[in-house]
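See structure below.
The values are calculated or read from the model by the stated rules, or taken from the named source; none is laboratory data. Since the structure is predicted, the reported quantities are computational estimates derived from the model, not experimental observations. All Cβ positions, even for glycine, are placed from backbone atoms using ideal geometry, and neighbour counts span all protein chains on display.
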Amino acid sequence: MNIKFQKLKGIPSLHVAFFWKMTVDARSPVTVTDRFIPELFFDYLYIRDGKIKCIDEIAGTQFTVWGQSLRTLYTHPVTFVFSTPLSLYGARLSLRFAESFWEEMKVNCFLKQEWVREEAVSLESFQSQIAAYLERHRVTKFPYPMFSTEFEESGWLSNFSARHKRRLYKTMLGLSRKELHNIQNVHTFLEQTCDFASQNPRIIQHVNPDVFYDQPHLNHTFKKMTGFSPVEYFEANSILQDTLMSASYNEFPGA
């Protein structure tokens, strides 16, 4: 099986972290299973060749992903099943993209979209079409940004009462600030360099007390978010998400 991954820089003004393309080829058609855990990014997917099935065990659903769709924020893991040969393009979008999205933002779902109007023959072609579409359709939902950085609240948002801020978070992202923090805390742990190759890894050595006050707290949150214990997660293989997470950590270190 031959797997290739390409990446192009994003467009900060449009809240695109980066653009990417993944191809998976094999001598004969096969299926590849990829586990996806929650992240603080939206992903626009354009399936040029192949097919993707999404299995959501929490919701008890299975469905074929549309040829073009926006993956919204998830609070639980899902499983992708890729059918080869696969040619998949994507745009990874930051949280702030939700402030300019022209439709209602929902959670734990794929929204059917059509941002690419002509067949993308290259990653550069995909990039230019996505950029042009976002430039034409973006809106301004609030008079000021909700975030000053990728996750820190802006001065405008911090002036509101806790109750009103909860309403704004739900309206904009579909998730509460607490739910966002839970996702962020898991990735704060994952971003650390941990040696899980040893026969008896000691997770407690990597627990940041500012994030998780002890190992049971980490294990409980991690299991709920990913469906795995920390050791089980690092022993499992993921083709696409591991690559996307690595690229995201490089774009937004410590975010």
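Points to keep in mind about this one:
- Within segment 93-115, being at pLDDT 95 or above, of a type outside the set (S, T, N, Q), assigned to a loop (DSSP other than H, G, I, E, B) and surrounded by 17 or more Cβ atoms within 10 Å (Cβ to Cβ) holds for 101, 109, 115.
- Filtering segment 116-148 to residues that are over 16 Å from residue 89 (Cα atoms), in contact (Cβ under 8 Å) with a residue 24 or more places away in the chain, of a type outside the set (Lys, Arg) and not in a helix (DSSP H, G or I) leaves 139, 140, 142, 145, 146, 147.
- Of residues in segment 170-225 being more than 30 Å from residue 105 (Cβ to Cβ) and touching a Leu at 6+ places or on another chain (Cβ under 8 Å), the one modelled with the highest pLDDT: 207
- Out of 142, 151, sole residue that is of a type in the set (A, V, I, L, M, F, W, C), closer than 30 Å to residue 239 by Cβ and surrounded by 13 or more Cβ atoms within 10 Å (Cβ to Cβ): 151
- All of 21, 9, 4 fail the test of being among the charged types (D, E, K, R) and surrounded by 20 or more Cβ atoms within 10 Å (Cβ to Cβ), apart from 21.
- For segment 123-139, a residue qualifies if it is out of contact with any strand residue (DSSP E or B) (no Cβ under 8 Å at 6 or more places or on another chain), surrounded by 12 or more Cβ atoms within 10 Å (Cβ to Cβ) and not aliphatic (A, V, I, L, M), and the qualifying residues are 125, 128, 129, 133, 137, 138.
- Filter result for residue 89 (among the aromatic types (Phe, Trp, Tyr), surrounded by 18 or more Cβ atoms within 10 Å (Cβ to Cβ) and part of a loop (DSSP other than H, G, I, E, B)): no
- Within segment 226-241, considering residues that are over 10 Å from residue 190 (Cβ atoms) and part of a helix (DSSP H, G or I), the one modelled with the highest pLDDT: 240
- Summed over segment 149-189, residues that are among the small types (Gly, Ala, Ser), over 28 Å from residue 223 (Cα atoms) and either assigned to a loop (DSSP other than H, G, I, E, B) or touching a residue at least 40 places away in the same chain (Cβ under 8 Å) (or both) total 2.
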